[in-house]
1. Mind listing just one residue for me: the one in the range 1-23 that is surrounded by 11 or more Cβ atoms within 10 Å (Cβ to Cβ) and touching a Gly at 6+ places or on another chain (Cβ under 6 Å) and, of those, modelled with the highest pLDDT?
2. Go through the range 57-78 residue by residue and tally those that are more than 14 Å from K35 (Cβ to Cβ) and either of a type outside the set (F, W, Y) or free of Cβ contacts under 8 Å to residues at least 12 places away in the same chain (or both).
3. I'm checking my understanding of the structure. Among residues of the range 24-59 that are exposed (fewer than 15 other Cβ atoms within 10 Å of the Cβ) and charged (D, E, K, R), which one is nearest to Y94 (Cα to Cα)?
4. So, restricting to strands (runs of 3 or more DSSP E) that lie completely within the range 21-96, which ones have at least 3 residues that are among the basic types (K, R)?
5. Return yes or no: is T51 of a type in the set (S, T, Y) and modelled with pLDDT of 95 or more?
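The values are calculated or read from the model by the stated rules, or taken from the named source; none is laboratory data. In this text the structure is predicted, and so the values were computed from the model without any measurement. Here the Cβ positions follow ideal geometry from the backbone for every residue, glycine too, while neighbour counts run over all protein chains shown.
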Amino acid sequence: MFQFLYFSVIIFVQVSGGGKVLIVGVGKNVENLGKAGYYKCPRCNNESLYTVLEITKKFDVFWIPVAKWDKRYFLTCTICQYGYELKPEEVKDYLK
């Protein structure tokens, strides 16, 4: 099961002449790369469409992406979101 979270933090920076506000965020970017086909899900027992997701951790400043890291791929059931982690070289095999 996946958790897709995003945290925003407001930082007040004291500088001479007044304070400044800096808004930063840390979270995950989820991109659906496409359909992988129909498979029987071991969790919900449905024959369902599976998709390939790319999940990347990210850091934003004022909602502008600054850095991304830890790119991972998952094959997921579209009904219950149960999934398996894929190796990067396996992704092409599942995308049709």
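1. In this case the residue turns out to be S8.
2. Counting residues in the range 57-78 that are more than 14 Å from K35 (Cβ to Cβ) and either of a type outside the set (F, W, Y) or free of Cβ contacts under 8 Å to residues at least 12 places away in the same chain (or both) gives 12.
3. Selected residue: K35.
4. Values: elements: 47-61, 64-77, 83-86.
Filter on the range 21-96 gives 64-77.
5. Details: of a type in the set (S, T, Y): yes; modelled with pLDDT of 95 or more: yes.
It is true that T51 is of a type in the set (S, T, Y) and modelled with pLDDT of 95 or more.
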